[in-house]
Structures are given as C-alpha cells and as structure tokens.
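Nothing in this text is a laboratory measurement; each read-out follows from the coordinates by a stated rule. All figures in this text were calculated on a predicted structure; none of them were measured in a lab. Counting neighbours? That spans all protein chains shown, and the Cβs are built from the backbone with ideal geometry, glycine included.
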Amino acid sequence: MNCYRHPDKEGIAACVACGNFICAECDVIFRSRHYCKACVEQSKTLNFKSALKRSTRNRMIAGVCGGLAEYFSVDPTWIRVAAVLLAVFFMGVPVIIAYLILAIILPKE
Ligand SMILES: [Zn+2]
Ligand SMILES: [Zn+2]
C-alpha cells in the first residue's frame, strides 16, 4: 500500500482517524497513534483533546478502563489487569468504589 497523498511513496502506517495509508512524511504520531496530516489539521476539535473521559469505543463496564487507557495511551487490557490485581490485593472494595466514582464523574466522549 502506498501513501494516499503521495502515490509514489510507500505507506508506513495507517491513519487511525481516516484509515488511509500514509508515508513517513505524512505520518504524525500523537499519543502513540498514527494520524495523517490532513486529519491532524481538520481535527483540532476532534480527537486531540487529552481530557480524561470514559471511552465509548473501549468499554467493558462503564468505559473507565478504556478511558484511562486512552488517556495514558496504553492497552486497555493492562488497565484491566491492574484493576483486577488491585482488587485482589485490596479485597476489591476500594477499586470498586474508585471505579464507580470514575464512572459517575467522568463525562462520556
Ligand atoms: Zn487521516
Ligand atoms: Zn505521504
């Protein structure tokens, strides 16, 4: 696959916003994800705020783990693993309370 803006250049990544392949020149890495320059330019209002919120894409219960994962740019699985480990160590109660508080106070995206 070649870059959608430069058909003569090899695509090195796919833009996570529009899905088009992009070359090294068009590649913009933001919070460890690849975006094309076009999406960066038109998405100042879109995905580029770093506010902590509940994720609607990465959700299992209320999207708190996914939201934290997106905020810290890590795999949501790790957040869930950490939450489960914390729940085991602290007998569950503080983690469940923290989760419920986050689920209530964090806005949905
Ligand atoms: Zn794009
Ligand atoms: Zn390009």
Relative contact order (%) - the range 1-47, alpha-carbon pairs under 8 angstrom, separation at least six: 27
Counted charge near Tyr4, where neighbours are those whose Cβ lies closer than 14 Å (Asp, Glu -1; Lys, Arg +1): -1
